[in-house]
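Coordinate-derived values only; no laboratory data. These numbers were taken from a predicted model, which means no experiment stands behind them. No Cβ is skipped: glycine too gets one built from the backbone with ideal geometry, and neighbour counts run over all protein chains shown.
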Amino acid sequence: MAVQASSAAPSSTNISLERSPRLGFFAVVLIALAGASVAVYFGTGLHPIWLFAWIAPIPVLFIVPLLSRRWAFAASMLVWAIGGLNQWRYLHGVIQIPLVVTIASVLLPALVFAVGVMAYRGLRVWQ
């Protein structure tokens, strides 16, 4: 019985160690994409801080080689779309542009950014 108890302890330890690197990778990706979204938010809009606009793509460009094509496209488009929400209140609330045009003004620059990121990913400059 002592042998069974000792063999059970390492297997439960191995399971937690196997999940740990994946959780760490997910956390790094999430922090990088959140930082890029914040940089886009403050680097674009009516009163942009130009330094943030230059820094915003850097975390995305470091992360996309580690992701699949589908996740890289989705992540880069989401980063710019979240950052582009800084103009939502002005476009839809203040000057009352229709909702469809407001959504397009947020998603089209995000699509252009995602296509550019995918072009960078296709260059394979990191290998």
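Things worth noting here:
- Distance from region 73-94 to region 102-123 (C-alpha centre basis), Å: 12
- Ordering of 77-90, 102-115 by packing is 77-90, 102-115, highest average first (other Cβ atoms within 10 Å, averaged per residue).
- Using the Cβ-Cβ distance between Arg89 and Trp50 with R0 set to 30 Å, the FRET efficiency from 1/(1 + (r/R0)^6) comes to roughly 0.85.
- Inter-label distance, nm, simple model (7 Å from Cα along the C-beta direction), Arg69/Gln96: 4.6
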